[in-house]
Amino acid sequence: MTDNMNMRRTLLSGLVLAAFMLSSGSIVAQSKYIQAVDEYVPAPGQFTNTMPKADESDTPATMAQKCTEYLANNNRQMISLGAYGGYITFHFDHPMVNVPSQMDLLIEGNALAGGSEAGIVMVSQDINANGLPDDPWYELSGSADVDSIGKVVYGYTITYSRQGDLQDVAWTDSQNGSGSIPRNGFHTQEYFPLWLGSELSFKGTLLPTNALNRKPKGNDWLLSSLRYGYVDNVPNADSIGNSFNLDWAVEPVSRQPVSLTHADFIRVYTALNQVCGWLGETSTEVIGAEDLHLEASLEFASGIKEAVQTVKGQYFDLQGRPVANPSRGLYIINGKKVFINP
Ligand SMILES: [Ca+2]
Ligand SMILES: [Ca+2]
Ligand SMILES: [Ca+2]
């Protein structure tokens, strides 16, 4: 297939931030690093309320802003997602294109060898073109899907309940399990996220526990790395081990593969529910992310923009998809936004 045909196929199937393009007039994308954090919803944990620092006066908006300051422009300050389910959502200053058969995204954590605190990556497209991560999400399938068949729980849910100030945090889950995130002597602050009330639920994929205490009478924990496809799973020096491919996208529960031209939003969540003695709960950490092919992403975005703005007489929806017979709503034609009321 020629490059032109590839581009044409991309144009026809592509979903883009049309509103962003129209308002900016041209694609101004300068950075391969995170532009901003949209959401930070950590689970309880020994680093929660300290990475970043939080108190009762914080809100989802102030916490997202703090996380943006930590991660944007490759600032590389560490964010902890807490125990199972805790997540962060971020975006680049452009749609991140899926280059077929190539890794698209690098996400770095703080894993040491033998210290995997695996987190799962989710991706989403801004289908409703409102600039918010309120659209369907897909997971990037990692090696547990093929290496641990029958041991991964899909559609797992957990609920954490704050028991009072400075108490262990209790949890129950969809497997009839219960337990707690225990306090320890190293971290004396409240472990339940202070700006998020007293009950928190998360849903996702639960990986099989990876921790082994090599000295049962002492405390010598090995948290084995998975083979590929997880954040905070291998040291950052292993760039391939910290890279992700949009080709791996699947429906979160059915695991049906999904073909994505690009992603507008990226989410990472802690995918293990385990506590390891003095190490405490397993929590994924994130220090940054990078679009591995900025040039291709920009080419993708400007190709769509050109079609939307220069193809005459064709209606496009707000995601840049050509529409033959528009029903009632907002469309773009001849480079202008119009309201159609047939
Ligand atoms: Ca790819
Ligand atoms: Ca949206
Ligand atoms: Ca970690």
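Does S116 count as over 17 Å from the mean Cα position of the chain (by Cα), of a type in the set (S, T, N, Q), away from ligand 2 (no atom under 16 Å from the Cβ) and at positive phi?
Spelling it out, it is not the case that S116 is over 17 Å from the mean Cα position of the chain (by Cα), of a type in the set (S, T, N, Q), away from ligand 2 (no atom under 16 Å from the Cβ) and at positive phi.
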Exercise for the section: List the number of the failed condition for V123; all other conditions in (1) away from ligand 2 (no atom under 16 Å from the Cβ); (2) part of a strand (DSSP E or B); (3) of a type in the set (V, I, T) hold. Expected result: (1)
Problem - From Y154, Y160, residue being assigned to a strand (DSSP E or B) and either crowded, with 19+ Cβ neighbours inside 10 Å or free of Cβ contacts under 8 Å to residues at least 24 places away in the same chain (or both) - result: Y160
Fill in the blank from the handout: Apart from one, (1) closer than 25 Å to I34 by Cα; (2) more than 15 Å from ligand 3 (Cβ to nearest atom); (3) exposed (fewer than 15 other Cβ atoms within 10 Å of the Cβ) all hold for R267; the odd one out is (3)
Fill in the blank from the handout: When K53 is run through (1) within 22 Å of D135 (Cα to Cα); (2) of a type in the set (D, E, K, R); (3) surrounded by fewer than 17 Cβ atoms within 10 Å (Cβ to Cβ), the failure sits at (1)
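Per-residue answers, yes or no, for (1) within 21 Å of M103 (Cβ to Cβ); (2) within 16 Å of ligand 1 (Cβ to nearest atom):
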{"residue": "S201", "(1), (2)": "no, no"}
{"residue": "R227", "(1), (2)": "yes, no"}
{"residue": "Q256", "(1), (2)": "no, no"}
{"residue": "S259", "(1), (2)": "yes, yes"}
{"residue": "A263", "(1), (2)": "yes, yes"}
Fill in the blank from the handout: The correct count of residues that are surrounded by fewer than 22 Cβ atoms within 10 Å (Cβ to Cβ) and either over 15 Å from A144 (Cα atoms) or not charged (D, E, K, R) (or both) in region 227-247 is 11
Practice task
Please work out if A129 is of a type in the set (G, A, S), away from ligand 1 (no atom under 16 Å from the Cβ), part of a loop (DSSP other than H, G, I, E, B) and surrounded by fewer than 24 Cβ atoms within 10 Å (Cβ to Cβ).
Solution key: yes
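How many residues are acidic (D, E) and without any contact (Cβ under 8 Å) to a residue 40 or more places away in the chain when one looks only at region 182-215?
Quick first cut of region 182-215, residues acidic (D, E) only: 190, 199.
Filter once more, keeping what is without any contact (Cβ under 8 Å) to a residue 40 or more places away in the chain: none.
The total comes to 0.
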Exercise for the section: Return yes or no: is S124 touching a Phe, Trp or Tyr at 6+ places or on another chain (Cβ under 6 Å), under 30 Å from F316 (Cα atoms) and polar (S, T, N, Q)? Expected result: yes
Fill in the blank from the handout: Among strands (runs of 3 or more DSSP E) entirely inside region 191-272, those with 1 or more residues being within 18 Å of the chain's Cα centre (by Cα) are 199-206, 265-270
Exercise for the section: Only strands (runs of 3 or more DSSP E) wholly contained in region 23-119 count here; list those with 3 or more residues that are at pLDDT 95 or above and out of contact with any Leu (no Cβ under 9 Å at 6 or more places or on another chain). Expected result: none
Fill in the blank from the handout: Of those in region 71-113 that are surrounded by 24 or more Cβ atoms within 10 Å (Cβ to Cβ) and on the phi > 0 side of the Ramachandran plot, the residue nearest to ligand 1 (Cβ to nearest atom) is G85
Practice task
Determine, yes or no, whether P60 is touching a residue at least 12 places away in the same chain (Cβ under 8 Å), in contact with a Cys (Cβ under 8 Å, 6 or more places away or on another chain) and over 26 Å from G142 (Cβ atoms).
Solution key: no
Handout entry: Single residue of region 273-319 satisfying the filter (assigned to a helix (DSSP H, G or I) and of a type in the set (V, I, T)) that is farthest from ligand 1 (Cβ to nearest atom)
Key = T310
Practice task
Kindly provide the set of residues from region 302-332 that are among the polar types (S, T, N, Q) and surrounded by fewer than 16 Cβ atoms within 10 Å (Cβ to Cβ), ordered by number.
Solution key: S302, T310, Q314, N325, S327
Exercise for the section: Kindly list the number of the only condition in (1) without any contact (Cβ under 8 Å) to a residue 40 or more places away in the chain; (2) in contact with a His (Cβ under 8 Å, 6 or more places away or on another chain); (3) not hydroxyl-bearing (S, T, Y) that fails for P95. Expected result: (1)
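The values are calculated or read from the model by the stated rules, or taken from the named source; none is laboratory data. Note that the structure is a prediction, hence the values are computed from the model and not measured. No Cβ is skipped: glycine too gets one built from the backbone with ideal geometry, and neighbour counts run over all protein chains shown.
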